[in-house]
Each structure stands twice: as C-alpha cells, then as structure tokens.
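*Asks:* Below is one structure. I have some questions about it.
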Amino acid sequence: MCLLWQSIAVLKMQNLSVCSVCSVVGNCLFVSKEKLAANGDYNLSGERYREGDARTSNYAMVPIGDICELFNGRAFKPEDWENAESGGIPIVRIQNLNNPDSSFNYYTGEVNERNSINNGELLFSWSGSRGTSFGAHIWNGQKAVLNQHIFKVGFDESRATKMYLLHALNKAVVEVEENLHGGVGLVHITKGNLERIQIPLPPLDVQKEIVAEIEGYQKVINGARAVLDHYRPHIPIHPDWPMVELGDKLLFVSSGATPKGGRETYLDKGVLFIRSQNILFGSHDFSDAAFISEATHEEMSRSQVKYGDVFLNITGASIGRSAWMDLDIPANVNQHVAILRVGPELDRVFLSLFLNSDTGQNQIFALQAGGTREALNYSQIRQLRIPLPPLATQQAIVAEIEAEQALVAANRELMSRFEKKIQATLARVWGEDEPTTGEA
C-alpha cells in the first residue's frame, strides 16, 4: 500500500487532478501477497491475476466514445438572452429537458450547427439533478440551440439505434451516479469520463427488439400515470342541498410561518413541520418533511396541527391542493399551508374532497385570478361556497369516493411493477442478475 500512495503522490506532483488520480487508482488491480506467492514466481503482470467480471453480457462492451460523438452546448451570457417576441430561436437549458412548462430564453445571433438541435435529437445533460434532468433525453420541440451543460449526441447509425442508446446511456448513468461529482441531488460528469463508460452493443435487430419490449412496458406506465394525474373526485351537487360559505362551518382558520432563522432551524427529527410540497391532492407525503424543535413548536401556537385538520395550500404553484391530517402526532405548518378546522355539521374528508374537485378548484382559481401572485387569504377562504348535505350523506359520498381512490391508487403499484420490468430488461442485456419484478 506504501507503493500505492507513493504513486498517487507522483501523479499529483504532475498536476493531475484528484479525479484523474482516482481514475487511475480505480483501474488498479489489487492482488494479495499470498496469491502472488502461490506458484513461487511472483509474476507481477496484472492480467494474469484478473478474475472474470461478475457480469456475463452476451454482447460486446463498447466505450460510449467509440460509437457516440458529444457536442457541448454554447456558454450563453445573460445579455444574449431575449424574449419570444424577438424572433429568435429557443435556448434549451437543463430545466427545459424535464419540465415542459419551464420558460425559454431566446437567441437571435448566429448559431453554430454543432450547437443547434432539431426535433427528435438525442441529448445528454451532463450536469443536473439526480434522477430527473441528469442523463439522456430526446428533444421534443422546435429547432433550438443548446446551452452549456448539455451534449448533442451524434452516433454511428450502422451500429446503434437512437432509442437503444437513450436507454443504454441512462442505464449506465444510474450505475455511476453515486460516484459522480456534485452536492446532494446534483451531479455532473466530464466528457472524457462519459466517453470511457462501456455499454453492451447488441446487433441492430436485437437493439430494436429490446426497445420494443421497453416501450411496451412504458405505455402501461404512461397510462397509469395519466390516471393518477387526471383523476379528481367528483361530487354531484343535488339542487336541494344548501350552499353555504365555508367560514360559517369552520371553527378555526390559520396558517404558520417560517421559523426564525429559516431553514437553519430545521432538524432531522422533532416536531413534524408541514410545507406545501408535503400536501398533495387528497393525500400527504412526509418523506422529505422538515422538523422543528419543541420550543419552536410552542412559540408557533396558532399553527399547531390537530388530528382531523384539513390542509389547504394557499400560495404558489401548488395552490388549492388539499388533504387532511390522519396522524395523531405533534405537527405544525408554514405560511404556505392553511389549517381548516371543521365544525360538527361538516365532515373533514368531505370538505377536502370538495376542495380538490373541479367545482372547488374553479372557485379557488377564480378568487385569486387577476392578482399579482398566486395566493389566497383567510377572507377568501371563508368566502368559498360549499354544498352542505346532511352529515350521513356526506359520509356516504366519502365512502364511495374513497373506494374510487383505492382503485386509482393501484396505478402506483402498476407503475412500480412495470418500471421494474424495464430495469430487468436492461439488466438482462448487461448480463446482471435481474431484479425481482413480481407478477404483472
């Protein structure tokens, strides 16, 4: 091991980066002294001792750089950016790859062909968020120009298909993500390191079969996702039901604040601190929840959550999403989430379902339309008009909709199963042990 560290020191003296040193060390083969001495000749040729790779792919492993040519985007300056009315072409940035609603900047200057892209081209974001923007993408849009941090991927069409490369590049990326540079959630890879990654390269006809199998699974995933994205509870309002202002049937309305000190006060454990991203349509997700101290919780007495409270997001892009508190634990909310505490005539789940329904959502968006920002105040919340059938009728409606939601929620399991099938298909190509997928 002393020789190893001496070698690293020499490499660093030659101004090689730590990444380069790690790359060299990572390619080293470590052999025990006992194994070297086994036959008495101390032959130091590494290949003599190299054992078979755990993978057993049936196809040749080829460096990405052997079949792909990577063209980096242009480094634009803020003064190069123009608006859509300029007549320029859109500049594709990292956020435009994974969010179709993200806005574009435009460019009216001369564009080098190496930086321009057309609909259907294969791209690779070499710096971005783990699991989302980082990796390979197909550009679905008009003629555009690439910003830096994104490669346009040219490839040898006699050896590889575009869609096979899309899946192969992303499979390779998943394998190396944990060792890439970047902070939590953010990673990047250099052109040279990407080019050196090896992927299996089946014949073209086999590549097409693999892609067809994956696309079949993806269609099921897309269908399940569409159900989840578009389902909204529907409450048919009977003309005999009275319509009342929500404020007349609430015992309490409040929202919280960001604790003094902001994010610096968040803890890994303590009192649950609920933010707008934790409130979904009809459910909550506390997997990335923040926590605050007992002392902070006590200071924020007006935003302490009780079991059965209804949540309503009141600012930002998630405005109008509602769920209810079904956990009997200490909790608090920030200023983007309102607490609605219902009186005895109103079922809490019925209220949350109504707020999430098309009728409820239309009212919410009508109230804050024309404002300078997406926000609801307490007065507007109290003005919302809700149907008020007898409590027994409310509960019957809740039971029926919850049965619907159970069927809708099954689509999450369907998506998970078919995502595992895609992983298993790629694992088979790589010659890996296939993950357990379960029955579809």
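*Asks:* Looking only at the range 217-243, how many residues end up being touching a residue at least 40 places away in the same chain (Cβ under 8 Å) and assigned to a loop (DSSP other than H, G, I, E, B)?
*Replies:* Going through the range 217-243 one residue at a time, the tally reaches 9.
*Asks:* Looking only at residues in the range 294-314 that are surrounded by 15 or more Cβ atoms within 10 Å (Cβ to Cβ) and in a loop (DSSP other than H, G, I, E, B), which one is farthest from the chain's Cα centre (by Cα)?
*Replies:* Among them, the one singled out is Met300.
*Asks:* Those residues that are among the charged types (D, E, K, R) and modelled with pLDDT under 95, I need them from the range 160-194; list them, please.
*Replies:* Filtering the range 160-194 for residues among the charged types (D, E, K, R) gives 162, 171, 175, 177-178, 191.
Selection gives Lys171, Glu175, Glu177, Glu178, Lys191.
*Asks:* Only one of Arg275, Arg263 is buried (at least 18 other Cβ atoms within 10 Å of the Cβ), basic (Lys, Arg), within 25 Å of the chain's Cα centre (by Cα) and at pLDDT below 95. Can you tell me which?
*Replies:* Arg275
*Asks:* Also, quick follow-up: Take the conditions at pLDDT 95 or above and either closer than 25 Å to Leu351 by Cβ or outside the structural domain of Val337 (by TED's automatic domain parsing) (or both) and apply them to Leu246. Does it pass? It would help to see each step written out before you state the result.
*Replies:* Values: at pLDDT 95 or above: yes; either closer than 25 Å to Leu351 by Cβ or outside the structural domain of Val337 (by TED's automatic domain parsing) (or both): yes.
Taking the combined requirement at face value, the residue satisfies it.
*Asks:* Same structure, new question: Please pick out the residue among Ile386, Ile422, Ile397 that is at pLDDT 95 or above, under 30 Å from Glu209 (Cβ atoms) and in contact with a helix residue (DSSP H, G or I) (Cβ under 7 Å, 6 or more places away or on another chain). Don't jump to the end; show me each part of the working.
*Replies:* Working: Ile386 fails: under 30 Å from Glu209 (Cβ atoms); Ile397 fails: under 30 Å from Glu209 (Cβ atoms).
After applying the criteria, what remains is Ile422.
*Asks:* Say we look at the range 204-243 and pick out the residues that are touching a Leu at 6+ places or on another chain (Cβ under 6 Å) and surrounded by 12 or more Cβ atoms within 10 Å (Cβ to Cβ); which of these is modelled with the lowest pLDDT?
*Replies:* Step one: of the range 204-243, the residues touching a Leu at 6+ places or on another chain (Cβ under 6 Å) are 224, 233, 242.
Now restrict to residues that are surrounded by 12 or more Cβ atoms within 10 Å (Cβ to Cβ): 224, 233.
Values: Ala224: 96, Pro233: 87.
Among them, the one singled out is Pro233.
*Asks:* Ok, one more. Is there a residue being touching a residue at least 24 places away in the same chain (Cβ under 8 Å) and in contact with a Pro (Cβ under 6 Å, 6 or more places away or on another chain) anywhere in the range 261-281?
*Replies:* The answer is yes, given that some residue of the range 261-281 is touching a residue at least 24 places away in the same chain (Cβ under 8 Å) and in contact with a Pro (Cβ under 6 Å, 6 or more places away or on another chain).
*Asks:* Quick check on my filter: what residues within the range 67-92 are over 16 Å from Leu122 (Cα atoms) and in contact (Cβ under 8 Å) with a residue 60 or more places away in the chain?
*Replies:* Arg74, Ala75, Phe76, listed by residue number.
The values are calculated or read from the model by the stated rules, or taken from the named source; none is laboratory data. This is a predicted model, so every value here is computed, not measured. A quick note on method: Cβ atoms are made from the backbone with ideal geometry, for glycine too, and the neighbour counts reach across all protein chains shown.
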